[in-house]
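So the structure is just underneath, and the comments pick up after that.
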Amino acid sequence: MTRKLFVLNGPNLNMLGVREPEVYGTQTLDEVRADCERVARELGFELFFAQSNAEHELVEWVHEAFRQQATVVINPAGLSFGSVSLLDALHMLSTPVVEVHITNIHARDADHRHSITSKVARTVIAGAGVYGYELAIRAADRLTG
């Protein structure tokens, strides 16, 4: 049986590499995808990788992960701090959820240092740059055995 992994990315992550490179680095989302594909293949995951600026689309992808019993790695980006809809969708999953943030959200201002989606995450990785995606996939592998 093939293990399925969804790597989902929230708003503005399509602008990686050009948006505040001093904060988020110079790697593009396509380069992050290539890294995720390499690690997922190495660990025996079938990968679905996607990004959307639309909350409803992320919720639909989580529903599909639920239907496929896929493990989820998610960078909810700005939705981390107030998307009850995304949180509710993630609550449905019986598979592990690993949350990843490129920056250390815990060092941000008071309004942006507590991710509500972390309530459903088994593991949270923050501040490792885009390398955090590889760490998140490796954590997902450990959590799914």
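Key figures for this structure:
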item	result
Relative contact order, percent, segment 52-107 [alpha-carbon distance under 8 Å, six or more residues apart]	42
About the Cα centre, charge dipole magnitude for the chain (Lys/Arg +1, Asp/Glu -1 at Cβ), debye	460
Spin-label pair Thr144/His114, simplified geometry with 7 Å Cα→Cβ offset, distance in nm	3.2
The chain, Cα convex hull volume normalised per residue, Å³	92
Spin-label model distance (nm) - Arg122 vs Ala54, 7 Å beyond Cα toward Cβ	3.1
Contact order relative to length of segment 1-58, as percent, for alpha carbon pairs under 8 angstrom and 6 or more apart	53
Inter-label distance for Gln68 and Glu37, nm, one decimal - labels placed 7 Å from Cα along Cα-to-Cβ	1.5
Computed over the chain: relative contact order in percent, which uses C-alpha pairs under 8 Å that are six or more apart	27
Calculated [θ] (222 nm, deg cm²/dmol) that DSSP helices of n ≥ 4 give over the chain, each run adding -39,500 (n - 2.57)	-11500 deg cm²/dmol
Label zone at Asn104, where the point sits 7 Å out along the Cα-to-Cβ direction: segment 14-48 residues whose backbone N lies under 17 Å	22-25
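Throughout, read-outs are computed from the coordinates displayed, never taken from laboratory work. It should be emphasised that the depicted structure is a prediction, and the values quoted were computed from it without experimental measurement. All Cβ positions, glycine included, derive from the backbone under ideal geometry; neighbour counts span all protein chains shown.
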